[in-house]
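J.: Before we start, here is the structure in question, set down as structure tokens.
The values are calculated or read from the model by the stated rules, or taken from the named source; none is laboratory data. Note that the structure is predicted; figures quoted are calculated from it, not measured. Cβ sites come from the backbone with ideal geometry, for glycine too, and all protein chains shown count toward neighbours.
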Amino acid sequence: MIRTITLHTPHGPLHAQLDRPDSPRGLVLLARAHHAAVDSFITANLAARGYAILSVELLSTQEAHFSDATQNVPRLAQRLIDFLDLIRHDGDMEDLPLAVFASGDTTPAAIRAAAQRDTQIKVLACHGGIADRAGLQSLQLLSAPLLMLFDADDSLGRTAFQRAAAHLGCSHETHVLGTGEDPVLRVAAWLSAYLGR
């Protein structure tokens, strides 16, 4: 089953798509600032492992034209929380154990949202991004096990996570991806280890 979902904001509508197989083993919220070509590959790869996927875009079409729109962590985190509220009242999603997979500029927002919804989000995986922009309080409050993946040339992201990790009390792991390595394989293993608990 595939459903399109729209969340209305003062800055324009946000779009999401739910891809739900029969009897899913869990729900993965795929958080992006805006749609990327790789998302279809990620969705197919995780869906093949039995997960329902909710792909959400945290910027409206108008906002996507402004390069600094992705830097507003409080706004992106609040939009993620709005989607989490939607999940809690949706018959197709409310009973599924929930993971969040974020990347790039949505990483600090995902950490902040997961810290606020610690009973709802069971596990968190992020690919790149400046994790310490989530803020000290969110890093300290985060309880969901966190996987951080970095591309080999992402020294900025790795340095930021070294700063952030000093304040984390949750289980966390980092991995630098090799050339051509599929991040979804690492994410799938992380979800399998924690989502069913």
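J.: Collect the residues in the stretch 173-193 that are outside any loop (DSSP other than H, G, I, E, B) and over 15 Å from the mean Cα position of the chain (by Cα), keeping them in residue-number order.
T.: E173, T174, H175, V176, L177, L185, A189, S192, A193
J.: Do you know which residues across the stretch 92-117 are out of contact with any helix residue (DSSP H, G or I) (no Cβ under 7 Å at 6 or more places or on another chain) and not aliphatic (A, V, I, L, M)?
T.: Within the stretch 92-117, D92, D95, P97, S103, G104 meet the criteria.
J.: Let me ask another. Find all pairs meeting these conditions: Cβ atoms under 8 angstrom apart; at least six residues apart or on different chains; first residue within the stretch 65-83 and under 12 Å from A134 (Cα atoms) and crowded, with 16+ Cβ neighbours inside 10 Å; second residue modelled with pLDDT under 95 and among the β-branched types (V, I, T).
T.: Listed by first residue and then by second, the contacts come to L76/T70.
J.: Follow-up. For Q78, state whether it is more than 11 Å from the chain's Cα centre (by Cα), of a type outside the set (A, V, I, L, M, F, W, C) and under 24 Å from E63 (Cβ atoms).
T.: Judged against the criteria, Q78 is a match.
J.: Moving on to the next point. Within the stretch 118-139, does at least one residue satisfy the condition of being among the acidic types (D, E) and touching a Ser or Thr at 6+ places or on another chain (Cβ under 7 Å)?
T.: Yes; the residues of the stretch 118-139 include at least one that is among the acidic types (D, E) and touching a Ser or Thr at 6+ places or on another chain (Cβ under 7 Å).
J.: Another question, if that's okay. With the requirement that a residue be within 20 Å of S23 (Cβ to Cβ) and touching a residue at least 12 places away in the same chain (Cβ under 8 Å), what does the stretch 84-95 give you?
T.: Within the stretch 84-95, I87, D92, M93 meet the criteria.
J.: While we're on this one: Of the residues S60, S40, which is crowded, with 20+ Cβ neighbours inside 10 Å, at negative phi, at pLDDT below 95 and of a type in the set (S, T, Y)?
T.: S60
J.: Sticking with this structure for a sec: One residue is enough: does the stretch 167-179 have a residue meeting the conditions under 28 Å from A64 (Cβ atoms) and out of contact with any His (no Cβ under 9 Å at 6 or more places or on another chain)?
T.: Looking through the stretch 167-179, none of the residues is under 28 Å from A64 (Cβ atoms) and out of contact with any His (no Cβ under 9 Å at 6 or more places or on another chain).
J.: Identify the single condition in (1) modelled with pLDDT of 90 or more; (2) of a type in the set (A, V, I, L, M, F, W, C); (3) buried (at least 16 other Cβ atoms within 10 Å of the Cβ) that A33 does not satisfy, given that it satisfies every other one.
T.: Against the list (1) modelled with pLDDT of 90 or more; (2) of a type in the set (A, V, I, L, M, F, W, C); (3) buried (at least 16 other Cβ atoms within 10 Å of the Cβ), A33 comes up short only on (1).
J.: Looking only at the stretch 1-30, filter to residues that are among the aliphatic types (A, V, I, L, M) and within 18 Å of A64 (Cα to Cα); which one of those is surrounded by the fewest Cβ atoms within 10 Å (Cβ to Cβ)?
T.: My answer is L7.
J.: Let me confirm something: among S171, S155, S143, which residue is within 24 Å of N45 (Cβ to Cβ), small (G, A, S) and surrounded by fewer than 23 Cβ atoms within 10 Å (Cβ to Cβ)?
T.: Testing whether each residue is within 24 Å of N45 (Cβ to Cβ), small (G, A, S) and surrounded by fewer than 23 Cβ atoms within 10 Å (Cβ to Cβ) leaves just S171.
J.: Based on this model, can you work out whether G50 counts as at positive phi and touching a residue at least 40 places away in the same chain (Cβ under 8 Å)?
T.: no
J.: Out of curiosity, is R112 touching a Gly at 6+ places or on another chain (Cβ under 7 Å), within 16 Å of A31 (Cβ to Cβ) and in contact (Cβ under 8 Å) with a residue 24 or more places away in the chain?
T.: Spelling it out, R112 is indeed touching a Gly at 6+ places or on another chain (Cβ under 7 Å), within 16 Å of A31 (Cβ to Cβ) and in contact (Cβ under 8 Å) with a residue 24 or more places away in the chain.
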